[in-house]
Every structure is written in C-alpha cells, then in structure tokens.
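The values are calculated or read from the model by the stated rules, or taken from the named source; none is laboratory data. None of the values given here were measured: they were computed from a predicted structure. Neighbour counts are summed over all protein chains in view; Cβ atoms, including those assigned to glycine, are modelled from backbone coordinates with ideal geometry. All accessible areas refer to the heavy atoms of the entire protein, side chains included, with ligands and DNA or RNA removed. Shrake-Rupley method; radii C 1.70, N 1.55, O 1.52, S 1.80 Å.
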Amino acid sequence: MKQAVNFLISIFSVLLFANCQPQRNTEDLKDKFKLRVSASQTDLPSVILKKVNAIDFQDSIIIIQELDSLGELVIEESLHAPLLTYLVVDDINHPVYLKPGDNLTVHVNQSEIYFSGKGAELSNAVSQYLKQFLAIREQYVVSNGNMIFNLDYSHFVDRMDSLQNALGDFHQAFIDSVNLPQELSNSLENRNRINLVWLKENCELANPEMNNSLNIEKSEKKLDSVYFAFPFSDTLLKDQFTALDYTIAAQMYLDLHVLRPAYKNLPQVKNGYINDSIPSEEVIPYVTNQLIENMEISEEVKEFLLAKNTLSRIMDNGISESTDSLMNNFKRTYSNSIYTAALENEYRNWNAIIPGKPAPDFVGITPEGEKVSLSDLCGKVVYIDFWATWCGPCIEQFPYSEQLESEFEGSENVAFLYVSVDKNKEKWERMIKNKNLHGLHVIDAEVANHEKSVWNKYVLRGVPRFILVDQSGLIANENAPIPSSGKVKAEVDKLLAKGI
C-alpha cells in the first residue's frame, strides 16, 4: 500500500482567467490585475505564474513569459475575486496574493521577492505570513535534528502542543501588527489548523506504533481531540487558503481511517462477500468507496472524498476492473462534478501504459556518461526499477534486486534497468559508488523537463515503481511486483516462455 505524499506549496482555485496576452489599456483595472515583474539583478530567463488544482496537485499555468532585455515583463489578466497564485522563480514557488484592481510590481532578487505598488501591502503581508509559518513549522518538525516522526507518543504530544501554541502566538502577533481583513485572517488561522491536522496524520502514517491504542491509554498527555480531528467542512474545502492543506489532510484521513482498516479487515470482507481468489488490489477500491458512502457527512464533502478515493485508487493501482467501475460510478452519481476533469486526466494518462501498449521510450545517462535508451533493450524482457536516492523503500529493495538478477545470470534475454528520477546527478553517482550498486543504472536524461520525463511518461506518483516490458517492447505489467515479493521471477519466466 502506497502512502507517499508529495507536498507542494500551492493552492486550489476554480476561478477563470481570460485572455492569455497582456492588455495594454491599464486605465481601468476593476476586473483585472496588472503584475509587473522586475528581475534585472538576476539571470532569470522567464517567469511562470500558476495556480494548482488541489485534488490532483497539477499545475494550472496562468502564463509563462520570457523577460525582456532589461529583465522585466508585464502580466495583465482578468480577475473577478481575490486569488492566491504562485510565481515560480528558479524552481521556488513564491505566493502572490492578487485582487481585482491590483497594479503590482514584484521585485525579484535571487530567490527573494517583494512587492510595491497598488495592493502591495496585503501581498507582502500574505507572502511574509506564509513564509514565517513554514519556518516555525519546520523548526518544530526537525527540532535540533530530532524529527517529530520518530518521537514516542508522549513526546510527540508535547511537540505538537508546542507547535500549536507557537503558531497561535505567531498568528496573534501578526494580525496585531498588520491590518488584515477579518475574512483573510480567519482563512490563515484555519490554514494553520488544517496544516497541523495533516502533520499529525502524516506522523501516524509514518509511525504506526505512535498511534497504538496502548501507547495512548498509558500516556497522561493527549492531543486536543477536537482541534486535531479531521474536519468534514465545506468551508475549508472551498477556501483557497485552506483547500490544498485540506486535500492533503483528506488523503491522509482516507489512508488512516479508510484504506488501512479496509486492508486490516480484508479477510472478513472476502469471506463475507467476495471470492477469496480475487486479488486484494481489486477488492480494496470497492471496500473503501463503500465506507465513504456510508459516512454521515455533507454531500459536498462526500463527493470530494469519493473523488479523492477514486483518484488515489487509480494512481495506486492503475486501470483495472475495480478502478474502472469506481470511475464510472462517480461520473454517474456526480454528472457535473468539478473533480471529473482531474479523474479523466489521470485515467487517460494510465491508459497510455496499460498492458499491450508500447512502452514509452526514454533515454538515460549512465554514471560513465553513456546514453542508454529503453529501445536499445528491445528483444529482451526488461524489468524497470524507478527509484531515487531520497527514497528509503527504494534502497531497501536493492539487496533483493541483486538476488533476483543472480537468478538470471548468463541470460541474454533479460535486462534489469535501474532508472533514477533524481535531479541531483552527483548525489546519485555517489550512492551508486558508495553502496556498490550492481546492474545497469541510468538517470533520466529529461528529468528537468516534466513533459518528456519518465515521471510523466510512466505516470509515476511515487517511487519505488516497477514495470515489466516484454520482448516486443510492449508493457506487460505497469505495476509489477517488487523484488522482495518473490513473485518477479515467475512473471519474467512466463514472458520468456511466451517469446516475441
């Protein structure tokens, strides 16, 4: 069961931007904003202004524009309500709070930005608030190298209480010194809370023993059960300042309180309703959906949780009979859902790598600097291992991979290809050398280009991920077993027996 979550500094919005080209008539900005970017002191070639769809965390680009010879550009777009966007500078997402009528200049100095002009006071305030919030949270998450994820329950409660108090003091001091609109202040305070909710849930996912009932019963310290409970709230779901964190918290709630219990009770579920021969990955989507449908919550939040669960099951398991059924059921139940586009996009991506489809070709660079493409291995059964140096579970599989390779030693019809998705090539090279990793290792040559990267081509939503390609270069299994499962050899042998 995958429980990897990618944390993005971004936000959900359903507001519509019109007209992709800058408008030259700037006299009336009632339903527009104007943003002038000044980056003359940098080598920045272009700027991306974006928002992010919270349910699937996909970027929605407002504009990508090159700077002129003076390091400047002007962005002018339609805007009918306040919106939190992000300016991407050297891969860093800087929050930009925009309101109809704003006429802002954003000054970019290396990795820092600040605003001047009409609307600058509020834009600077939001930017500083979010930046300081992250610094405070990071301080308590790490705390002198003692990560919060590794604490026992009692010390975890102490740390979370301290973080809650620190953020409460910070928020109060901030609004005392900066005149924020009450609605915006409330949104930021709610954002702090839901952020701590998903931090708590993430810790529980990372350390199941922390959430052990015996640990909780023995401890004299307990977290505020109301403050740290996942809130089934239409308001938090729709507020642009809380929507992204709400989505993260919802995913972790589903993993903790829906997916994990479904796996735990799978034997009873199978014995009671489903033939035991059906694989777990085909049963789980039905069970999780049923658990959500039985919740007594608002219809709006239920729609969101069902959409998120459907999306997660497709992301984890790809297209199968059960995920296909979930997708169709959601579309029938919520025919005009705002989440359908995200589900269809994920479904469409996975459809490109289902068994029988040509495996997307890619080029990798070996530690020696040589180019190797997947098509170079055509005629062989290829077991692809997508991994990264920062992924502990990936590294744990290498001893099993080495054992697996030894079982096919001398065979010219099988290839094991280890593909790193690291952006830091030097770190990747060091790990291969230090751990004396065997086999054909490459790093994605297009790792910096999302559209052409293996991450995008193979719909990677986390690593490790394993793919089996047959001798004809067709996908044989888009979610192949992991080396430690003991099931890989049988699948490879079956493909070898089948031949080209």
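In terms of accessible area, using a 1.4 Å probe and ignoring ligands and nucleic acids, THR235, THR389 rank largest first as THR235, THR389. Summary of the geometry: the stretch 429-500 and the stretch 320-371, compared by the centres of their Cα atoms, lie 17 Å apart. Suppose R0 equals 35 Å; then what is the FRET efficiency for MET295 and LYS131 from their Cβ-Cβ distance, rounded to the nearest 0.05? So the FRET efficiency works out to roughly 0.45. Remark: for residue pairs LYS222/LYS308; LYS32/LYS457; LYS131/LYS238, the C-alpha separation exceeds 25 Å in LYS222/LYS308; LYS32/LYS457.
In the chain, helical runs assigned H by DSSP with n ≥ 4 each contribute -39500 (n - 2.57); averaged across all residues and rounded to the nearest 500, the mean residue ellipticity at 222 nm is -13000 deg cm²/dmol.
Note on VAL287: accessible area is roughly 20 Å² with a 1.4 Å probe, heavy atoms of protein only.
If the segment from LYS331 to LEU440 were pulled out straight at 0.36 nm per residue, it would be longer than the present Cα-Cα gap by 34.9 nm. Under a 5 Å amide H cut-off, with hydrogens placed 1.01 Å from N, LEU474 pairs with ALA359 among residues at least 5 apart or on other chains.
Recomputing Rg and Dmax of the Cα atoms in Å from the coordinates shown identifies the correct label among (1) 24.8, 75; (2) 24.7, 92; (3) 25.1, 100 as (1).
Under a cut-off of 16 Å between alpha-carbon atoms, report the aspartates and glutamates in cross-link reach of LYS487, not counting same-chain residues fewer than 8 places apart. The qualifying aspartates and glutamates are GLU281, ASP385, GLU402, GLU405, GLU407, GLU478. Bridges between two residues of the chain, per DSSP, are antiparallel at a rate of about 75%.
MET252 contributes about 0 Å² of solvent-accessible surface, heavy atoms of the protein only, 1.4 Å probe. By DSSP, the beta bridges lying fully in the stretch 376-486 are antiparallel in about 40 percent of cases. Taking amide H atoms as placed 1.01 Å from N in the peptide plane, the amide H of VAL414 lies under 5 Å from those of VAL381, each 5 or more residues away in sequence or on another chain. The heavy atoms of TYR400 present about 110 square angstrom of accessible area, all protein chains included, probe 1.4 Å.
What the chain shows is 48 Å² of accessible area per residue, with the surface traced by a 1.4 Å probe over protein heavy atoms.
Surface composition of the stretch 100-162: carbon and sulfur make up 48 percent of the accessible area, probe 1.4 Å.
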